[in-house]
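Heads up: the structure comes next, in structure tokens.
The values are calculated or read from the model by the stated rules, or taken from the named source; none is laboratory data. On a predicted model such as this, the values are computed, not experimentally measured, just so you know. Every residue, glycine as well, gets a Cβ built from its backbone with ideal geometry; the counts of neighbours run over all protein chains shown. Note: accessible area is taken over every heavy atom of the protein model, side chains too, but ligands, DNA and RNA are not part of it. Shrake-Rupley method; radii C 1.70, N 1.55, O 1.52, S 1.80 Å.
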Amino acid sequence: MDSPLVEGRNLTKRFDSFTAVDGIDFRVERGETFGFLGPNGAGKTSTMRMIGCVSPISGGDLTVLGLDPMTDGAAIRSRLGVVPQEDSLDTELTVWDNMLIYGRYFDLPRAEIRRRATELLDFVQLTERRDDRVDPLSGGMKRRLTIARSLINQPELLLLDEPTTGLDPQARHLLWERLYRLKQDGVTLLLTTHYMDEAEQLCDRLVIMDDGRIVAEGSPRELIAAHATREVVEFRFASEKSRSDALSHLQNTGERVEAHADRILVYTADGDKVASFLAGAGDTAQAASILVRRSTLEDVFLILTGRTLDD
Amino acid sequence: MQTPPVMRVVERELLVSRRLWRGWTSSHFVMPLLYLTAMGVGLGDIIDDRGRTVDGLAYMEFVAPGLLAATALMLAAGESLWPVMVGTKWLRTFHAMVATPLGPGDAYDGILAWTALRAFAGSALFLTVATLFGGVPSAWGLLAVPAAALGAAAFAAPLIAYSATQDSDATFPLIMRLGVMPLFLFSGTFFPVSQLPDTLQPVAVASPLWHSVELCRGATRGDLGAAAALAHLVVLVSIVAAGRAWGRRSFTRKLVP
């Protein structure tokens, strides 16, 4: 078996007395898209920064591209692409200058940078904006420029920290589509996200993180099969009274019942059957809406931690 | 052949300044004109008319090297405060650097080297203008350019280090008013330090600017002794070295925690 591209064993990150990453184990294989899914504060960014060799590890072991970040940081970084959570573009300069400057950080020859930058701006659909200043570009365009910039050194591994946070749906879909193409071209992608749809769309494999720990690992399909049921029925209520009346009727239906402030979720193999359960209940126990849907990673997270990803 | 990391950072600064050159070129040219006209000509005429000299020099000859060193210091202050905040926090451009093979120490060194280079270029321009004004009696005056650049580096080295420890620019205006301006005025720039009250003279002598003013003035006057020159150089180089040690540490703490 090939050696993994990234491997963490009991990886830990502490800031003073605060433990951001609490002994996690994971391996990322060449060519796969691997995700860290979890809410804000779960330790995803700290993990990503250690892998990107911009944050020393506090404990455990980490190898990236077969090298040790403590001693070979610069050598590793020369082979990585990084799309940070917060933009770090030279906003006063043009799109083109940003590519040029970043390429020079890697000491690439100017002619080579020009050749690659032309291709990359085409790839992220910014060719027409190459001589424009970065500042007035939309959030989606800035993200795409950051991705183009991160590819200037033809990295073996691309790190994306919350790549679509703050973007509108259209910009997100455009970005996903570009990332999907990179994946098809064989680039190994490592991403963090707190959007379950992003993780489902892009990741071959992912770990779910909560409070600095990994709580589950697998492909999206495996995770759903292992931790959730096939379907979920979402009951929403107009009043607190109808919710609590309905809850007593639904209590032992399905495999699992999760009661929230405004809704009740019932996990079951047969959603339609559970959806009809309230029909025989009294008027006071009627739901305002009932939705039968397939389980998602969001449900997996909820079942594992008792909280939603947005918490 | 690898380009040294520090040069790659300088290249960025060069490209940025090429795009934004209008502001600073004009200030490098206009500032010396204004200062030399106001102080050297305006004030100098009054002093000369009374048949007075300052330290045995016509006032223009006295004040031109002082202004040369002081302008380099102002330039260093300008590069060492807000632009550092831009890199660490506002645009996070230093964070972009350290995601590449460059490290935090390279980012610091690059900014410091760039500041010294700018001070060198600005000082060369200043010296040219000052020569036209008759403020540079000796050809040794050419050495005032590297001397002013070294003085700028000695000021920038600890100031850049300090700026990287800050999370906001709240203290920066205070540093300008209570740190940079007094140095600018009282380091033997416009009048000899011997005019200061006895208690303040040691303070002025401790300032990096006094050492670079003395070097610059010794050069333009053409009579600086080797021993004095060496002493000033040792002080300035030591400040650069200490500031750099601090700066590389504070950049590391800020950028790769």
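Only one of these is more than 9 Å from every other protein chain (Cβ to nearest Cβ), in a loop (DSSP other than H, G, I, E, B), closer than 30 Å to A:Arg14 by Cα and open to solvent by 20 Å² or more (accessible area, probe 1.4 Å): A:Gly60, A:Gly41. Name it.
From the options A:Gly60, A:Gly41, the qualifying one is A:Gly41.
Of the residues in the stretch A:122-146, how many are surrounded by 16 or more Cβ atoms within 10 Å (Cβ to Cβ) and away from chain B (no Cβ under 13 Å)?
Here the count works out to 10.
Given (1) open to solvent by less than 30 Å² (accessible area, probe 1.4 Å); (2) closer than 27 Å to B:Thr88 by Cβ; (3) touching a helix residue (DSSP H, G or I) at 6+ places or on another chain (Cβ under 8 Å), where does A:Val6 come up short, assuming only one miss?
(2)
Given the conditions (1) at negative phi; (2) in a strand (DSSP E or B), which single one is not true for A:Met50?
Unmet for A:Met50, out of (1) at negative phi; (2) in a strand (DSSP E or B): (2).
Being in contact (Cβ under 8 Å) with a residue 24 or more places away in the chain and open to solvent by 10 Å² or more (accessible area, probe 1.4 Å) is the filter here; which residues of the stretch B:59-85 pass it? Give the derivation first.
Pass one, the stretch B:59-85, residues in contact (Cβ under 8 Å) with a residue 24 or more places away in the chain: B:60-77, B:79-85.
The answer is B:Met60, B:Glu61, B:Thr71, B:Met74, B:Leu75, B:Glu79, B:Trp82, B:Pro83.
Just checking, which of A:Glu92, A:Glu29, A:Glu112, A:Glu86 is surrounded by fewer than 23 Cβ atoms within 10 Å (Cβ to Cβ), under 21 Å from the mean Cα position of the chain (by Cα) and within 18 Å of A:Arg149 (Cα to Cα)?
A:Glu86
Picking from A:Leu304, A:Leu223, which residue would you name as being open to solvent by 30 Å² or more (accessible area, probe 1.4 Å) and either in the same structural domain as A:Glu32 (by TED's automatic domain parsing) or not aromatic (Phe, Trp, Tyr) (or both)? Talk me through it step by step, then tell me what you get.
Values: A:Leu223 fails: open to solvent by 30 Å² or more (accessible area, probe 1.4 Å).
Result: A:Leu304 is the single residue among A:Leu304, A:Leu223 that is open to solvent by 30 Å² or more (accessible area, probe 1.4 Å) and either in the same structural domain as A:Glu32 (by TED's automatic domain parsing) or not aromatic (Phe, Trp, Tyr) (or both).
For the stretch A:139-249, which strands (runs of 3 or more DSSP E) that fit wholly inside it have 2 or more residues that are within 28 Å of A:Leu291 (Cα to Cα)?
Answer list for the stretch A:139-249: A:205-210, A:213-218, A:231-236.
With more than 14 Å from every other protein chain (Cβ to nearest Cβ) and open to solvent by less than 40 Å² (accessible area, probe 1.4 Å) as the only criterion, which of B:Leu236, B:Leu224 stands out?
Result of the check over B:Leu236, B:Leu224: B:Leu236.
Failed condition for A:Gly73, given (1) under 19 Å from B:Pro257 (Cα atoms); (2) within 11 Å of chain B (Cβ to nearest Cβ); (3) open to solvent by 20 Å² or more (accessible area, probe 1.4 Å), with all others met?
(3)
Starting from the stretch A:176-204, take each residue that is farther than 11 Å from A:Thr164 by Cα and list its partners that are in a loop (DSSP other than H, G, I, E, B) and open to solvent by 30 Å² or more (accessible area, probe 1.4 Å), counting only C-beta distances under 8 angstrom and pairs at least six apart or across chains.
A:Gly186/A:Gly31; A:Val187/A:Glu156; A:Thr188/A:Glu29; A:Thr188/A:Arg30; A:Thr188/A:Gly31; A:Thr188/A:Glu156
Determine which member of the set B:Ala157, B:Ala206 is at pLDDT 95 or above and out of contact with any Ser or Thr (no Cβ under 7 Å at 6 or more places or on another chain).
Selected residue: B:Ala157, the only one of B:Ala157, B:Ala206 that is at pLDDT 95 or above and out of contact with any Ser or Thr (no Cβ under 7 Å at 6 or more places or on another chain).
Scanning the stretch A:95-109 for residues that are over 23 Å from B:Thr88 (Cβ atoms) and either open to solvent by 50 Å² or more (accessible area, probe 1.4 Å) or of a type in the set (Val, Ile, Thr) (or both), which turns out nearest to the other protein chains (Cβ to nearest Cβ)?
The qualifying residue nearest to the other protein chains (Cβ to nearest Cβ) is A:Pro109.
Return a yes/no flag: does the stretch A:165-176 have any residue that is within 25 Å of A:Ile101 (Cα to Cα) and β-branched (Val, Ile, Thr).
no
Based on this model, can you work out whether A:Val187 counts as of a type in the set (Val, Ile, Thr) and either outside the structural domain of A:Arg144 (by TED's automatic domain parsing) or more than 23 Å from A:Gln125 (Cα to Cα) (or both)?
No; evaluated as a whole, the condition is false for this residue.
How many of the residues making up the stretch B:75-93 are more than 8 Å from chain A (Cβ to nearest Cβ) and in contact with a Gly (Cβ under 7 Å, 6 or more places away or on another chain)? Show your work before the answer.
Start the filter on the stretch B:75-93 by keeping residues that are more than 8 Å from chain A (Cβ to nearest Cβ), which leaves B:75-90.
The next check asks that each one be in contact with a Gly (Cβ under 7 Å, 6 or more places away or on another chain); those that pass are B:75.
The qualifying residues number 1.
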